[in-house]
Structure formats: C-alpha cells, structure tokens
Amino acid sequence: MASTTEIELLSLDTIRTNGGRAEFVGPQRPRFHLLALVTAGSALHTIDFVNYAIGPGTVFWVRPGQVQQWGRIHDFEATVALFTPSSLDALTQQVLYGSAHSRQAVWSLGGADLETITAGMRHLVLEYGSTSASSLEIRAAILRHTLTAILLKLTDMGGQANTSTLGHSDVFERFHDAVEREFATVRSVSEYAERIGYSEKTVLRATRSAAGMTAKQYIDQRVVLEAKRLLSFGTDTVTQVASSLGFDDSANFTKFFATRAGLSPLAFRRQIRAR
C-alpha cells in the first residue's frame, strides 16, 4: 500500500506476479479495501462465503474485515484499486456506509454505467502512474477525490429504495449499526431497541421489511458471519472463536453455529480451507 496516497492502482496480472501462486490458494481477510473492475475473462469470486460470477463489466468491492477467495484467478483480468479506510474523508464514509446499498459487493455494469466507472478507473490509473511535476499532496488529493466519485457512483447505482420501506429505513439502519458494534456481546432484540430509542415492535417491523427476516435472525446471522470469518482465516481454536463472540463455552457455540450454518465449526473450517 502506497504510504503517500494510501491508494494503490494495480493490474490483476501484477498482483498475481507479486503474490505468487500460494498467496491465492486459501481465504484472505484484508485490512484494506479492494475494488476491482473486471476487463476480460470470467471466474467465480467469493466474498463473505457467497460465490459471485464475474466477467467483463463486473465490479466487486471487498471491504476491510471481509473474507474473500479468488478461485481461478488466472482466468480473468482486472484493474484493481487498493485503499485504506483513512483515504476516504469522514463525510464520504458516512454517506457510503449509511445505506443498505453501500453493503453491496458486486455490480454487473453495462452501457453508460460501465462507461462512467471505466473512465473513472482509467483516470485513477493514469493519475497514479503520472510523472508530472504536481506536488505529492495535489496528486494524492486527485486520487482521493476520483476514488470517492467512483465509490459514490457505485453506491448510487445500487438502486433506489422501495418506497414501501422508506418509513422503516432509519430504524433499520440504526439497528444495523448497533448490531455491527455489539453483536459479540448483545443478543437481545429488546436491548438493541432500547439503545437506539425505538420500541421492540418497531425494530421487529423495520427489520422484517428491510431484511426479510426477524430481528433475532438478523443478529444471529451477523454472529454466524463473524464466526465463519474467524474460522476460515487465522489460527484461533474453536474455543477461542467462541470466547471472542461472547459464548461461555465452546459446546454452546458449536450448537449455535451448527443449527444455523448446517455443520459444525470444525467441519466448516475444513470445508472452506479445502476449496
């Protein structure tokens, strides 16, 4: 990661060459953002245990803390932007992370939308490789603002909120944010409702409308996702994973995980690492 700009532009071919074949075999959990525009070929790319078919015109965005698996990385080409969270200003982060569309992982673009994002990525590449006499501060600012424009445009392309859910969007987003902060220690819907200042009934209704599941299922789903991330990447034992997620013992965690994921934590770890 370039220390001056906190933004780095690379071709996928360069990433493959620098990393070596072994780098892309198992799951990865980067601490930085990875934004890729696929320019040729096709493959499957896995983000947080969901497989996405990618091809020319596909954009995928892996956020810090998410787990990705490259699959057949030699079967496609892409332009890739790597950037740290701090390369985005506070207002941009608030806008980007403040809607359900900001959690979208993959876009299949065509027409004017693809032209817009392609032009933005091309501008990033040209500015990143520029040898002009501009100061480092000016070039860094241009990179940040261009990247910001691309990310905001992608988020806007995510679609418009259904008008039937607008009345609940603020409630759900507050609930979502609270779950993100406290899922490892808080499991009670009523406690979340109290913390965000709404009735439990309102939170239940908003979550059902926005996410298509109960509020308790939403909490449990977030815990399972984090468990999968920890089990797929790193060396923590099942007992250590259980403890980090607020479980008193590994037996309770194993039962919780198996009921919702369909297999035991150890079986999941073996399965995901065998891919």
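The values are calculated or read from the model by the stated rules, or taken from the named source; none is laboratory data. Since this is a predicted model, take the numbers as computed values, not measurements. Quick reminder, even Gly has a Cβ in these numbers, built from the backbone with ideal geometry, and neighbours come from all protein chains shown.
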Quiz item: Across the range 112-135, what is the number of residues that are among the small types (Gly, Ala, Ser), closer than 19 Å to LEU152 by Cβ and surrounded by fewer than 17 Cβ atoms within 10 Å (Cβ to Cβ)?
Solution: 2
Self-check item: Subset of the range 179-200 [more than 12 Å from TYR218 (Cα to Cα), part of a helix (DSSP H, G or I) and of a type in the set (A, V, I, L, M, F, W, C)]
Solution: ALA193, ILE196
Quiz prompt | Residue among LEU109, LEU82 that is crowded, with 19+ Cβ neighbours inside 10 Å and touching a Pro at 6+ places or on another chain (Cβ under 9 Å) | solution = LEU82
Exercise. Working only within the range 1-21, note down all residues that are surrounded by 13 or more Cβ atoms within 10 Å (Cβ to Cβ), at pLDDT 90 or above, of a type in the set (Val, Ile, Thr) and not in a strand (DSSP E or B).
Key: ILE15
Exercise. Pull up the range 232-257, narrow it to residues that are touching a residue at least 40 places away in the same chain (Cβ under 8 Å) and in a helix (DSSP H, G or I), then point me to the one that is surrounded by the fewest Cβ atoms within 10 Å (Cβ to Cβ).
Key: SER244
Quiz item: Going by the conditions given, is GLU77 more than 15 Å from ILE15 (Cβ to Cβ), of a type outside the set (S, T, N, Q) and more than 18 Å from the chain's Cα centre (by Cα)?
Solution: no
Quiz item: How many of the residues making up the range 184-225 are touching a residue at least 60 places away in the same chain (Cβ under 8 Å) and under 21 Å from the mean Cα position of the chain (by Cα)?
Solution: 3
Practice problem: Go through ARG260, ARG229, ARG222, ARG273 for me and flag whichever is closer than 24 Å to GLN68 by Cα, touching a Lys or Arg at 6+ places or on another chain (Cβ under 7 Å) and either modelled with pLDDT of 95 or more or surrounded by fewer than 17 Cβ atoms within 10 Å (Cβ to Cβ) (or both). | Solution: ARG229
Quiz item: Which residue pairs have Cβ atoms under 7 Å apart, sit 6 or more places apart or on different chains, and have a first residue in the range 110-135 that is of a type in the set (D, E, K, R) and a second that is surrounded by 12 or more Cβ atoms within 10 Å (Cβ to Cβ)?
Solution: ASP113/MET157; GLU127/ARG139; GLU127/ILE142; GLU127/LEU143; GLU127/THR146
Exercise. Could you please let me know if VAL203 is under 24 Å from PHE257 (Cβ atoms) and either touching a strand residue (DSSP E or B) at 6+ places or on another chain (Cβ under 8 Å) or surrounded by 15 or more Cβ atoms within 10 Å (Cβ to Cβ) (or both)?
Key: no
